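This report concerns only the one structure given below.
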Amino acid sequence: MEQIKIFSPATIANISCGFDVLGLALASIGDEMLLRKTEKPGVRITKILGQNLPLETSQNVAGVAALAILNESDYQGGIEIEITKRIKAGSGIGSSAASAAGAVWAINQLLNKPFTELELVKFAMEGEALASGVAHADNVAPALLGGFTLVRSYDPLDVIKINTPSELHATVIHPQIEVKTSDSRKILKTTISLKDGVKQWGNVGGLIAGLFLEDYELIGRSLVDHIVEPIRAMLIPGFNEVKMATKNAGALGTGISGSGPSIFSLSKGEKTAEKVAQAMKEVYTTIGVDYDIYISKINKKGIYPIE
Ligand code: ADP
């Protein structure tokens, strides 16, 4: 195989109670990437369509992640990358993760799959570190494995794929306001109370059990965040109103996607997900903030070849 074209999905990290450990992949929004082998060694990003992002290998998460995998392989040639961005950088739905995970997945295919999924997650995390300063796996893991994923441990890295109930749909609204990942990390406290810890791990366990049991009520009861959301919500105008409106529209739960500003809801069935979208739109129309909105199934496959 000399070249490969892929779809690399947008992802929702944290999923309310699972700060830095839970994530899911979306089906209907993602980037396209074309990767080809070259005789000349090294990694070159030759084209980025749809957004203004750095072409220099060392400044683009796709370039950094590509170098991470190539450095561990026997391959002597080089790689060219073209990216068609559909996920806006800084939106909070894993724009950088889609590029980092997409690059390593595609290169692994071009090299005849020498690496395991877990190794691919590690290489993609090196790319992610460029975007946020820290090597997170909560977006790259669902992009690579598909469905819901749990990062049970970072050291050693241990990633578990969680069952996806078939009727689950996500609604995501991206209000056009800027929240820098670094700012939304800085405002977090570094300690939590035992009382909040107890509530939080109860909900993480409940959410995982709910996903495996396909118990939508339990999923809904568990989509609660006592630790991060109360602080980060302050950075997102309209968040509390969206939370209330989506609950009334029948959502199982609503939270901040990654570090925001995107807000996600999970719903049982497409019809409810559409009602939830309508409720979200009304809030931002009233406030007078532009938005992008998506309704999506959960993507169980992760990254896949296209054409
Ligand atoms: P998101 O959570 O949507 O990925 P981040 O703020 O974490 O947003 O990451 C976006 C940052 O990563 C921006 O500063 C952007 O310039 C940088 N970046 C570098 N390469 C890429 C890429 N290929 N795709 C998206 N963002 C990239």
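The values are calculated or read from the model by the stated rules, or taken from the named source; none is laboratory data. As the structure is a prediction and not an experimental result, all values here were calculated from the model. Neighbour counts are summed over all protein chains in view; Cβ atoms, including those assigned to glycine, are modelled from backbone coordinates with ideal geometry.
Annotations for the structure displayed:
- Of all the residues in region 6-29, those that are within 12 Å of the ligand (Cβ to nearest atom), part of a strand (DSSP E or B) and touching a Gly at 6+ places or on another chain (Cβ under 9 Å) number 6.
- Among the helices (runs of 4 or more DSSP H) confined to region 116-207, the ones with at least 2 residues that are closer than 25 Å to Lys297 by Cβ are located at 117-132, 140-145.
Residues are listed down the side, and each one gets a yes or a no for (1) modelled with pLDDT of 95 or more; (2) touching a strand residue (DSSP E or B) at 6+ places or on another chain (Cβ under 7 Å); (3) over 26 Å from Val179 (Cβ atoms):
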residue: Leu207; (1), (2), (3): yes, no, no
residue: Leu213; (1), (2), (3): yes, no, yes
residue: His226; (1), (2), (3): yes, no, no
residue: Lys243; (1), (2), (3): yes, yes, no
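- Of all residues in region 161-197 being hydrophobic (A, V, I, L, M, F, W, C) and within 13 Å of the ligand (Cβ to nearest atom), the one that is surrounded by the fewest Cβ atoms within 10 Å (Cβ to Cβ): Val179
- Taking residues in region 85-108 that are assigned to a loop (DSSP other than H, G, I, E, B), and partners anywhere that are of a type in the set (Asp, Glu), the pairs with Cβ atoms closer than 6 Å and at least 6 places apart or on different chains are Lys85/Asp31; Arg86/Asp31; Ile87/Asp31.
- Residues in region 77-109 that are surrounded by fewer than 19 Cβ atoms within 10 Å (Cβ to Cβ) and more than 13 Å from the ligand (Cβ to nearest atom) were compared, and the one that is nearest to Leu53 (Cα to Cα) is Glu80.
- Single residue of region 113-124 satisfying the filter (out of contact with any strand residue (DSSP E or B) (no Cβ under 8 Å at 6 or more places or on another chain) and touching a residue at least 24 places away in the same chain (Cβ under 8 Å)) that is farthest from the ligand (Cβ to nearest atom): Pro114
- Of all residues in region 51-65 being under 19 Å from the mean Cα position of the chain (by Cα) and more than 7 Å from the ligand (Cβ to nearest atom), the one that is farthest from Val134 (Cα to Cα): Gln51
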